[in-house]
Amino acid sequence: MRLIVTGAAGFIGSNIIRGLNARGITNIVAVDHLKTGDKFKNLVNLQIEDYVDKANFYDLFAAKHYGAVEAVFHEGACSDTMEHDGVYMMQNNYERTCQLYTSAQAQGTRLLYASSAATYGNSKTFIEAPEYEQPLNVYGYSKLLFDQRMRKLCGPQWSLNSSQVVGFRYFNVYGPQEQHKARMASVAYHQHHQFLSLGRVKLFGAHDGYASGEQMRDFVHVSDVVAVNLWFFDHPSLSGLFNLGSGRAQPFNDVALSVVNSHRASRGESPLSLAHAVSQQLIEYIDFPDSLKGKYQSYTQANLDQLRAAGCDHAFMDVQTGVNQYIGHLIEHPTA
């Protein structure tokens with residue numbers, strides 16, 4: 001059984017390979033583009049069969065170069081929500097994924113692909129249905145357009161495809177192996193480094209009707225994302241589009257306080273309340289940037305009804321548990 005993981009040196013892709021390796025699966029073709037050379041570090045301790053650049057992969061796969069492939073975990077994409085080059089975004093995120101889907105169906109290969117909660121944009125309801133989809137940027141639209149194409153080609157119950165097709169609408173994912181993502185790395189990652197360099201963490205102030213630090217997101221640990229991907233891999237008869245978040249919205253203040261208290265715990269110091277952390281200037285609020293106004297999701301919360309109806313009962317970590325685990329990892333592995 002050969003598997004393919006695109007975006008293999010990236011954040012979620014490398015964690016999926018790690019999850020597969022934990023099962024003893026190593027015959028994996030890793031697909032990525034290492035123009036940013038440091039990304040290779042995410043692959044160093046993983047076991048793969050081969051590596052191929054994304055520029056060559058899609059045509060090679062269409063030509064059946066890799067023989068019988070059981071499944072493709074398609075995590076490769078431009079995930080920069082501030083990227084304004086719509087031509088590049090649509091070619092990279094939409095057109096290549098369309099080609100991959102066509103090739104996979106022709107070969108009887110299962111496709112488990114990354115969609116995004118960015119498809120919901122300004123919506124206040126996060127259900128996998130067209131009436132709630134309002135992307136705020138071309139990244140969100142590139143993901144939505146492929147979801148729409150799958151609805152058309154796979155049918156209302158996604159039953160018309162010849163082999164499994166599953167789309168995952170990822171919410172705010174955080175965890176190990178995101179160090180290469182620069183400005184697109186998680187809030188927890190940036191706040192960890194702020195605390196190390198400044199002795200405090202920064203959050204946006206009041207905006208969009210929310211008090212300082214009280215904008216809310218559905219934060220999901222990458223290990224939970226991997227667990228759900230592998231659950232669907234274990235259930236090849238299931239297809240569909242599914243939200244993949246924790247199912248709970250928590251304020252950015254929860255993340256910041258968890259970062260602060262995780263560092264305090266590592267020093268043998270007692271935890272603080274939010275009020276005390278703010279009063280001691282360990283949490284600092286900054287003005288909301290003009291560049292994000294009208295393009296920012298102030299609230300997200302995955303509705304997990306469809307995921308649960310499919311039979312996936314995975315229990316997701318809350319922010320306090322997941323961020324504490326993550327900051328502990330970053331403290332132990334400072335070069336990450």
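A short reminder: the numbers here are calculations on the coordinates, not readings from a lab. As the structure is a prediction and not an experimental result, all values here were calculated from the model. Counting neighbours? That spans all protein chains shown, and the Cβs are built from the backbone with ideal geometry, glycine included.
Obtain the nm distance between the two label points defined at L238 and H329 by a simple spin-label model: each point lies 7 Å from its Cα along the Cα-to-C-beta direction.
2.3
Picking from L272, Q320, A117, whose Cα lies most toward the positive end of the charge dipole for the chain (charges on Cβ: Lys, Arg +1; Asp, Glu -1)?
Farthest along the dipole direction, towards plus: A117.
Report Rg(Cα)/(2.2 N^0.38 Å) for the stretch 245-294, keeping two decimals.
1.40
Around K293, what is the net charge, scoring Lys/Arg as +1 and Asp/Glu as -1 over all other residues with Cβ under 15 Å from its Cβ?
Net of charged neighbours comes to -2.
Charges only on Cβ, +1 for Lys and Arg, -1 for Asp and Glu: so what's the dipole of the chain about the Cα centre, in debye to the nearest 20?
The dipole magnitude comes to about 220 debye.
For the pairs K41/K202; K39/K181; K41/K181; K39/K202; K143/K295; K41/K143, note any where the Cα-Cα span goes beyond 19 Å.
Beyond 19 Å: K41/K202; K39/K202; K41/K143.
Counting pairwise Cα distances across the stretch 88-151, what percent come out greater than 18 angstrom?
Roughly 37 percent, once rounded to a whole number.
With +1 on the Cβ of every Lys and Arg and -1 on the Cβ of every Asp and Glu, and nothing else charged, how large is the dipole of the stretch 139-222 about its Cα centre, in debye rounded to the nearest 20?
Dipole of the stretch 139-222, to the nearest 20 debye: 240 debye.
In cubic angstrom, how much convex hull volume per residue do the alpha carbon atoms of the stretch 280-336 span?
With only Cα atoms used, the stretch 280-336 gives 192 Å³ per residue.
Compute the normalised compactness of the stretch 177-234: alpha-carbon radius of gyration over 2.2 N^0.38 Å, N being the residue count.
So the Cα radius of gyration is 1.47 times the expected 2.2 N^0.38 Å.
When a/c reaches 1.5 or more, the comparison of a/b and b/c decides; with that in mind, is the stretch 214-272 rounded, prolate or oblate per its Cα gyration tensor?
Oblate.
Normalising by the residue count of the stretch 1-128, find the relative contact order in percent from Cα pairs under 8 Å and 6+ residues apart.
Relative contact order comes out at 27 percent.
Which whole-number percent gives the relative contact order of the stretch 57-166, counting Cα pairs below 8 Å spaced six or more residues apart?
30
Beta carbons within 10 angstrom, averaged per residue: use that to sort the peptides 101-112, 230-241, highest first.
In decreasing order of mean packing, 101-112, 230-241 become 101-112, 230-241.
Can you give the convex hull volume of the alpha carbon atoms of the stretch 126-176 per residue, in Å³?
Normalising the Cα hull of the stretch 126-176 by residue number yields 111 Å³.
Would you please state the base-10 log of I(q)/I(0) at q = 0.20, 0.21 1/Å for the stretch 1-74, with intensities from the Debye formula using one equal scatterer on every alpha carbon?
The calculated log intensity ratios at q = 0.20, 0.21 Å⁻¹ are -0.77, -0.85.
If packing is taken as the average count of other Cβ atoms within 10 Å, what order do 54-61, 244-251 fall into, highest mean first?
By packing density, highest mean first, the sequence is 244-251, 54-61.
Let me understand the chain better: what is its radius of gyration from the alpha carbons, and its Dmax, in angstrom?
In Å, with Rg to one decimal and Dmax whole: 19.9, 62.
At a threshold of 8 angstrom on Cα-Cα distance, excluding pairs fewer than six apart, so keeping six or more, what relative contact order does the chain reach in percent?
Taking the mean separation of contacting Cα pairs over the length of the chain, I get 17 percent.
If I take R0 = 41 Å and measure r between the Cβ atoms of D313 and Q134 in this structure, what FRET efficiency does the formula 1/(1 + (r/R0)^6) give, to the nearest 0.05?
0.85
Based on the mean of other beta carbon atoms within 10 Å per residue, what is the order of 62-69, 280-287, most packed first?
Descending mean neighbour count gives 280-287, 62-69.
If you build the convex hull over the alpha carbons only and average its shadow over all orientations, what do you get for the stretch 96-201? Give it in nm² to one decimal.
Average of the hull's projected areas for the stretch 96-201 equals 8.5 nm².
Would you mind giving the three semi-axes, in whole Å and largest first, of the ellipsoid equivalent to the stretch 193-322 according to its Cα gyration tensor?
They are 32, 19, 11 Å, listed largest first.
Averaging over every viewing direction, what projected area does the convex hull of the Cα atoms of the stretch 21-128 cover, in nm²?
8.8
Distance between Cα centroids, the stretch 138-209 to the stretch 308-322: provide it in whole Å.
A separation of 17 Å, based on Cα centres.
Between the alpha-carbon centers of the stretch 76-97 and the stretch 258-286, tell me the distance in whole angstrom.
38
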